[in-house]
1. Could you please state, rounded to a whole Å, how far the C-alpha centre of region 46-111 is from the C-alpha centre of region 144-223?
2. Using just the helices of the chain, give the 222 nm mean residue ellipticity in deg cm²/dmol: DSSP H runs with n ≥ 4 each add -39,500 (n - 2.57), and the total is spread over all residues, rounded to 500.
3. Does region 100-242 come out rounded, prolate or oblate, given a ≥ b ≥ c as the square roots of the eigenvalues of its C-alpha gyration tensor, rounded meaning a/c under 1.5 and, failing that, prolate meaning a/b above b/c?
4. Step through the residues of region 156-166 one at a time and calculate ³J(HN,Hα) from phi using the Karplus curve (6.51 cos²θ - 1.76 cosθ + 1.60, θ = phi - 60°), rounding each to whole Hz and writing x for Gly and Pro.
5. Between Q234 and V3, what is the spin-label point distance in nm, taking each point 7 Å from the Cα along the Cα→C-beta axis?
6. Could you give the length gained by full extension between R110 and S18, i.e. 0.36 nm per residue of separation minus their alpha carbon distance, to one decimal place?
7. Excluding ligands, DNA and RNA, what is the solvent-accessible area per residue of the chain at a probe of 1.4 Å, expressed in Å²?
8. Between T176 and R85, what length comes free when the chain is fully extended (0.36 nm per residue of separation minus the Cα-Cα distance, one decimal in nm)?
Amino acid sequence: MDVVVGSDRESLGRLAASLVLDRLSADPGLVLGVATGSSLMTTYRALADARRDGRDFSRVRCVALDEYVGLPQSDPRSYHAFVRREIAGPLGVPAENLLVPDGNTPDQSRAGAAFEDALRDVGGVGVQLLGIGRNGHLGFNEPGSSFGSRTRPVRLSATTRADNARFFPQPGDVPTHALTQGLATILEASTIVLVASGSHKAAAVAAAVEGPVTEACPASVLQRHPRTTVIVDQDAAGNLTR
Ligand code: GLP
């Protein structure tokens, strides 16, 4: 893995965006894997700035990592809504170019398989942007998720529900389940860029980058990926020793 330590969240975002823009120059129809959450917001803003400077995202396809089970797509906290509002709108990616797991069908295992088929049909992910959970999760692959996992329904851990409670009126409103790309799915992306900031991510970043490759820390599987860049600020890098 390449590890880059930046000074602040804006610089992390600019750096991650530059990796995406490099690939976009070579491939205007880039399949961009996107993550929800706060960590990538400065990256999406930097990409929107690039669009204002003339970069064209109209042929880009955006593929999301995950979706809550049972939240309608129209709910502003759904990841469908996040991708439309924070990414597709500002970048000018057409709605028909978005692929987000469907958390609203009764048969979630079948929805996972359908998502895998759709992902294969678009030719796989070119650049995958990732955040990391405080517990080392990727997407919603919680500790203990198999490295061989594919897109499937999962139960969210107490830590994850507590961390995401800030987006909901009451902690009890956070959905209990999600449909997430599996770790094996994520690992098929050609290039992976993980962004993390803040001291609350320091333990997870150190476990992912320098710890043993173990299902106890899902993000440690990235050590097996040939082209992963981890972009962190000083605080998130605080527990790194190498
Ligand atoms: C969420 C998402 C992840 C995201 C992570 C970190 O639950 N499912 O894809 O990377 O948690 O979120 P944040 O960047 O807000 O800390």
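1. Region 46-111 and region 144-223 have Cα centres separated by 19 Å.
2. -8500 deg cm²/dmol, from helical runs alone.
3. Note, shape of region 100-242 comes out oblate.
4. Residue by residue, region 156-166 yields 7, 6, 4, 4, 5, 5, 5, 5, 8, 5, 5 Hz.
5. 1.7
6. Extra length from R110 to S18 when fully extended: 29.5 nm.
7. Averaged over the residues of the chain, the accessible area is 42 Å².
8. So the chain would gain 30.4 nm between T176 and R85.
The values are calculated or read from the model by the stated rules, or taken from the named source; none is laboratory data. It should be emphasised that the depicted structure is a prediction, and the values quoted were computed from it without experimental measurement. All Cβ positions, glycine included, derive from the backbone under ideal geometry; neighbour counts span all protein chains shown. Note: accessible area is taken over every heavy atom of the protein model, side chains too, but ligands, DNA and RNA are not part of it. Shrake-Rupley method; radii C 1.70, N 1.55, O 1.52, S 1.80 Å.
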